[in-house]
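Here, each number is a calculation from the coordinates, and none is a lab measurement. Not measured: the values here are computed from a predicted model. Methodologically, a virtual Cβ is constructed for each residue, glycine included, from the backbone with ideal geometry; neighbour enumeration extends over all protein chains shown.
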Amino acid sequence: MKTITRVLLAVLVAVAGTTAATSTAASAAQLPGFVLTSSAAALPAELAPLATGKRIQYVSTNVNGSLTTATGLVLTPKTGKKNKIVAWGHGTTGLADKCAPSTNQGVFWPEARVAVAELLSRGWTVAAPDYPGLGTALPHPYLVGASEGRSLIDSVKAARNLDAALSTQYAIDGHSQGGQGSLFASQLAPSYDGNLVLKGTASIAPLSNADVLAPLIPGSPAQGYLVMALYGINAVEPAFQPFTYLAPQAEAKVGVLQTGCLYEILDAYDELTAAQLLTGGTVHPTIISKFRQYLNPGRTSPSAPVLIVHGTADQDVPFFLSEDYLVPQLKKDYPSIPVKFVPLEGATHDSAVIESADLVADWIAARFA
């Protein structure tokens with residue numbers, strides 16, 4: 001893979017032809033949020049009247065702090081533009097490059113369009129990362145929260161690099177995988193976001209306490225999520241081999257991780273029994289340990305007020321994870337950080353996003369105010 005520096009040096013030498021310019025840009029390229037490429041992006045029909053879009057490739061860092069590249073969208077309101085930024089963390093789309101929302105409107109889910117449209121209607125620029133590995137040659141560290149969190153923060157830096165008039169104040173709004181990543185971003189912000197000022201984090205149906213959830217998944221319709229999560233850990237820890245834990249029938253289906261996106265993956269694993277999914281039919285203790293290490297938010301303190309919204313009829317990320325575990329844990333362990341919890345009676349995993357779009361935007365507006 002071409003290094004970031006090599007690409008930038010080639011461009012700068014051709015344009016400027018000076019050693020000084022080359023040195024300056026090469027240094028800039030080492031900064032997370034540096035925009036490598038930017039091009040006009042076609043937006044879903046619900047968003048096109050509200051915003052102009054740019055698809056960007058930008059610099060981020062991996063969980064070890066090394067430079068990596070990520071892609072995403074920066075959406076600029078056409079009217080009523082203010083100077084604040086909201087980073088949008090999307091829900092699960094898949095693992096393959098074809099599942100990057102910035103280039104595949106089919107996985108720019110309907111509920112995400114509603115949420116983002118509401119943010120744009122408030123006049124906020126929206127930075128919407130794909131997350132590392134979606135849209136690039138590297139594997140996607142699915143559900144590895146520190147990876148998602150970095151890419152969310154760095155997408156805000158990238159938006160400001162495109163538009164210097166944007167404020168240092170930002171908020172984060174995310175759903176499901178993105179809700180989990182948003183909470184990780186809040187934990188990372190004090191040591192990672194530089195001169196940015198995080199005002200608040202809204203998290204809708206976030207994955208949390210994955211070590212509690214994982215034993216309940218074998219034999220359920222959620223088995224595809226578990227397989228994706230194993231490969232997400234493998235992306236940051238190659239010594240962790242999913243085939244060690246997957247049963248032969250599950251191994252035979254892993255090709256769908258590269259040929260399909262979320263629903264194809266869920267369908268592929270839906271009819272397997274627990275014994276056909278995992279060796280022994282149960283989640284190995286090593287998986288539990290890795291999930292606790294990489295997937296669980298709340299191990300360190302959020303850095304700004306938190307809003308958690310969860311539908312009581314959620315069958316993808318069960319409501320009890322927020323009600324019984326995440327919210328009490330945050331309030332107990334970090335009493336100085338305001339945490340607001342809004343249960344949505346009867347709302348599902350996806351409808352919770354639609355039903356809370358106004359509520360979440362109002363909460364973010366109050367944080368900016």
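The Cα center of the stretch 113-141 and the Cα center of the stretch 66-94 differ in position by 4 Å.
For the chain, DSSP calls about 45 percent of its internal beta bridges antiparallel.
For the chain, averaging the sequence separation of C-alpha pairs within contact (under 8 Å, six or more residues apart) and dividing by the residue count gives a relative contact order of 16 percent. All other residues whose Cβ lies under 12 angstrom from that of A222 are scored, Lys and Arg at +1 and Asp and Glu at -1, for a net of -3.
Segment H284..T79, full-extension length gain: 68.5 nm, with 0.36 nm per residue of separation and the alpha-carbon distance subtracted. Annotation: aspartates and glutamates with alpha-carbon distance below 13 angstrom to K82 (same-chain offsets under eight excluded): D163.
Can you list the DSSP H helices in the chain whose Cα atoms extend at least 24 Å along the helix axis and whose mean Kyte-Doolittle hydropathy is -1.0 or higher? The qualifying helices are 145-162.
In the stretch 210-293, Cα pairs under 8 Å separated by at least six residues give a relative contact order of 45 percent. For volume of the Cα convex hull per residue in Å³, the value calculated from this model appears in [x] 143; [y] 188; [z] 130 under label [z]. Full extension of the chain between S38 and S191 yields a length gain of 52.4 nm, computed as 0.36 nm times the residue separation minus the alpha carbon distance. Within the straight-line cut-off of under 15 Å between alpha carbons, the aspartates and glutamates reachable from K331 are E323, sequence neighbours fewer than 8 places apart in one chain being disregarded. Near the amide H of T52, within less than 5 Å, lie the amide hydrogens of T76, K78, all on another chain or at least 5 residues away, with H placed in the peptide plane.
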